[in-house]
Amino acid sequence: MKMVFRWYGEGNDSVTLQQIKQIPGVEGIVWALHDMPAGEEWPMDKILEYKKLSDEYGLHLEVVESVNVHEDIKLGLPTRDHYIENYKRTIAKLATVGVKTICYNFMPVFDWMRTDLYKEMEDGSTALFFDKAKIAAMEPQELVRSIAENPDFTMPGWEPERLQRVGPLIEQYQQVTEEELFENLGYFLREVVPVAEAHGIKMAIHPDDPPYSVFGLPRIVTSQANIRRILELVDSPSNGVTLCSGSLGANPENDLVAMVHEFAGRIPFAHIRNVKVYPNGDFIETSHRTSDGTVDITGIVQAYHDTGFEGYARPDHGRHIWNEVCRPGYGLYDRALGIMYLWGVWDAAARAARREA
């Protein structure tokens, strides 16, 4: 398991590379050009800026999250080929600076979705919260406005320019079924996976967050069966999954331990985080500790160890603790605590395996 840490760039993150370097076991940063609109080819000079910064601190930049997929590709419009060609050229450029894994998602219109960015917990910390009934009762534009009220940091997946068109975009998807979304994903993968494979890069699709339809939009990266189908669309080691325990764990019916075992070898990137799911479907992001949430983090890390996982892993969203001012879900303190918990479980599994040998 190779530990990495998501970083949003100089001037766009409350966490510094010096701080990341001091977290035990962290080898690299997870990065992206967050100012690039989806569908545009990434410029080499901006890629090299990240390479220079990471080299200064001895951190690699082998994982990109995300090279966003243009909506025309998801919709299957004739214009998709232009954006797919841009994507291919970006893949080739990223390979030149040592990128090995590209995380992306295929969620229509919205990326991750929450109703409260700073929900207070019993201990006084705050965390990202999803109110299922509130989402069901609100208009999409209202959700966009609430997320946009956080002006201090860019919100990945919530680009203001794109979401100004949220109404027309949702209307376009009213004609797209889940089956058609699968077909459009297959078209995209058949084009880009051979390019990724040729450049030694693994594509890793991120699950939908949450893993079910919201606002009537089709969602397909939601379950073990659907992920299996996606991996079968193009049978290549370069067609993989970013197995996010928090996204998939928002549906308690998803068995994450079983997924780790089934998809071993096709998980180049793991997001490991915990959520507490309430009986009414609401959920809140908790510490990484297994007993604080609904997700079996201990069992998941054990499964990664048992399957010989050699991919990249990062702690995902953390709570906001100790009065830290940070991007929602992406502070330093709770994610660093999360890393130490994950290493503790991993080290215990390794020690137990040595005793049994």
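Scanning segment 282-333 for residues that are at pLDDT 95 or above, of a type in the set (D, E, K, R) and surrounded by 20 or more Cβ atoms within 10 Å (Cβ to Cβ) turns up Glu285, Arg314, Arg319.
Go through segment 39-154 and tell me which helices (runs of 4 or more DSSP H), entirely inside it, have 3 or more residues that are in contact (Cβ under 8 Å) with a residue 60 or more places away in the chain and over 30 Å from Lys21 (Cβ atoms).
Qualifying helices (runs of 4 or more DSSP H): 71-75, 80-96, 132-137.
Every condition in (1) touching a strand residue (DSSP E or B) at 6+ places or on another chain (Cβ under 8 Å); (2) modelled with pLDDT under 95 is met by Pro252 except one, and the failing one is (2).
Checking each residue of segment 222-239 against the condition of being in contact (Cβ under 8 Å) with a residue 60 or more places away in the chain and on the phi < 0 side of the Ramachandran plot gives no match.
Within segment 133-153, restricting attention to residues that are surrounded by fewer than 17 Cβ atoms within 10 Å (Cβ to Cβ) and within 23 Å of the chain's Cα centre (by Cα), the residue that is modelled with the highest pLDDT is Arg145.
Do the conditions hold for Ala264, that is, is it modelled with pLDDT of 95 or more, surrounded by 17 or more Cβ atoms within 10 Å (Cβ to Cβ), within 19 Å of the chain's Cα centre (by Cα) and among the aliphatic types (A, V, I, L, M)? Taking the combined requirement at face value, the residue does not satisfy it. Taken over segment 322-336, the criterion of being in contact with a strand residue (DSSP E or B) (Cβ under 8 Å, 6 or more places away or on another chain), part of a loop (DSSP other than H, G, I, E, B) and not aromatic (Phe, Trp, Tyr) is satisfied by Cys326, Pro328, Gly329, Gly331. Taking every residue in segment 329-357 that is under 13 Å from Arg273 (Cα atoms) and pairing it with any residue that is among the β-branched types (Val, Ile, Thr) and surrounded by fewer than 12 Cβ atoms within 10 Å (Cβ to Cβ), at least 6 positions away or on another chain, yields no pair with a Cβ-Cβ distance below 6 Å.
The single condition among (1) in contact with a His (Cβ under 8 Å, 6 or more places away or on another chain); (2) over 17 Å from Val69 (Cβ atoms); (3) modelled with pLDDT of 95 or more that Met121 does not meet is (1). Report the residue count in segment 200-235 for those that are crowded, with 17+ Cβ neighbours inside 10 Å and of a type in the set (Gly, Ala, Ser). Counting residues in segment 200-235 that are crowded, with 17+ Cβ neighbours inside 10 Å and of a type in the set (Gly, Ala, Ser) gives 2.
The values are calculated or read from the model by the stated rules, or taken from the named source; none is laboratory data. What you see is a predicted model, and the numbers here were worked out from it, not measured in a lab. Every residue, glycine as well, gets a Cβ built from its backbone with ideal geometry; the counts of neighbours run over all protein chains shown.
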